[in-house]
Amino acid sequence: MTKITILALGSRGDVQPYVALGQGLQNAGHRVRLMTHANYARLVASHGLEFWPAHGDVQAAAESPEVRALAEKGNFIALTRHTAKLAAEAALHWAQDGLAACQDAELLISGVGGLNLAIGLAEKLGLPLLQAYVFPFTPTRAFPGVLFPPAIARLGGVANRLSHHLVRQVMWQGFRGADEQARRQVLGVAAAPFFGPYNSPALRDIPVLYGFSPSVIPKPADWSGGVHITGYWSLDASPDWTPSPALADFLASGPPPVYIGFGSMGSRKPGETAALVLRAVEQTGQRAILLSGWGGLAAEKTPDNIFLVDSIPHAWLFPRMAAVVHHGGAGTTAAGLSAGVPSIVIPFFGDQPFWGRRVAALGVGPEPIPRGQLSVERLAQAIQQAVGDPAIRQAAARLGKAIRAEDGIGAALAVVEQM
């Protein structure tokens, strides 16, 4: 048995894959503690893991007017600058929380959310750190970094590889000051190099895991043998979860509806967003399930062909849909692709445009519609294309079948146990 601490900070979509990974590791006999925000205490505990709280309320931060405005504009650099300021305020608390969470740990695991802190903790405590990502973070010549447009690829493999290093710098430089403060005042270790801690001894000769499907992104030829694309780390719907009678009746009363929800992405004008979505659905003649999420998507009066829910397990719902419309977060994209139904991605920022382009390239959905360009006509056209094009439906079904045949958690477990 290995005592493992997983650090996972961010939105629910950022955290949930690590809950799934942790559950798999614990089921295999390891002891797993997951440090994340208090918002997810119930999520973590309900899957049998030891929860360790990290300072701060991520939901309150995501719902703040500042974050909603920046998310809607899609300016990732400005949003990173703002979140870096929030992180600087929490950095010392997180370092203290992390030290406590890592007591008696033998292995640390972290993705991008919590990576800098995890590296500092690994250096302080002399622990190996297993990097576990849900989007490409290792530089490669095969394709551009997730924050860059695909046009970069025209400049060749060198430009592609450089773009990945630039992604790392965008994610590091804004947090460098907070990281240095935490290292100096709490951890008592040397400051990380100016260009980041990516060559830390804590990472040397340690495998890297990627929790996405090789059917979605094949392993680039220039990634070393220590980099493993395992398949998705997904949570199954709880066996005791059942839909409300009203939802069950709605699903049974007609053809499969279209799911529309933007997860934790905020909107400064949720009423206008809801009105746009309702008008688009009306144009298509489809039935729809609208997820309000943190974005406040709501409609005071919904027609009979619309059902409004606050939250629901994607693993249960998505296979019952005709198509899924979402923001393109890594976790929601994984759920849509795994379900084998067409996806329509409305990206806001970050890695979401990357996943939207990947969906289109795989032929399992229309071209993504950036949030700033969303209109009634464009959304209606995308829904009609996703639902009505047999080629898209067939491609989505084939890809979903391939993904469901993979065992991402089992493959990750094999790497951990080989260590």
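Brief remarks follow.
- Under 5 Å from the amide H of ALA54 lie the amide H atoms of THR36, HIS37, ALA38, each residue being 5 or more positions distant or on a separate chain, with H modelled from the backbone and absent for Pro and chain starts.
- Most fluctuating residue given options LEU162, LEU107, LEU379, as computed from a GNM of the chain linking Cα atoms under 10 Å: LEU162
- For region 28-42, the Karplus equation 6.51 cos²θ - 1.76 cosθ + 1.60, evaluated at θ = phi - 60°, returns couplings of 8, x, 8, 9, 10, 10, 10, 9, 7, 6, 4, 3, 10, 4, 5 Hz by residue, with Gly and Pro reported as x.
- Dividing the helix sum by the residues of the chain, where each DSSP H run of 4 or more adds -39500 (n - 2.57), gives a mean residue ellipticity at 222 nm of -13500 deg cm²/dmol.
- Label separation (VAL189 vs ALA38): 2.8 nm, computed from points 7 Å beyond Cα along the C-beta direction.
- If R0 equals 35 Å, the separation of the Cβ atoms of MET419 and ALA153 corresponds to a calculated FRET efficiency of about 0.55.
- From phi via Karplus (6.51, -1.76, 1.60), per-residue ³J(HN,Hα) for region 309-322 in Hz, x at Gly/Pro: 10, 8, 7, 6, x, 4, 4, 7, 6, 4, x, 8, 9, 7
- Under 5 Å, built H, 5+ apart or other chain: amide partners of VAL134: VAL112, GLY211
- Note on P(r) over Cα pairs in 20 Å bins from 0, in percent: of the candidates (i) 19, 29, 17, 25, 9, 1; (ii) 28, 53, 17, 2, 0; (iii) 27, 60, 14, 0, the value calculated from this structure sits at (iii).
- Using alpha-carbon coordinates, inclination of helix 270-284 to the longest axis of the chain, degrees: 50
- Shown in residue order for region 219-232 are the 3J(HN,Hα) couplings computed by the Karplus curve 6.51 cos²θ - 1.76 cosθ + 1.60 at θ = phi - 60°: 5, x, 5, 8, 8, 5, x, x, 9, 10, 8, 8, x, 6 Hz (x for Gly and Pro).
- Shown here is the pair-distance distribution of region 245-404: with all Cα-Cα distances grouped in 10 Å bins from zero up to the longest one, the shares run 12, 45, 37, 6, 0 percent.
No value in this document is a laboratory result; all are computed from the given coordinates. What you see is a predicted model, and the numbers here were worked out from it, not measured in a lab. All Cβ positions, even for glycine, are placed from backbone atoms using ideal geometry, and neighbour counts span all protein chains on display.
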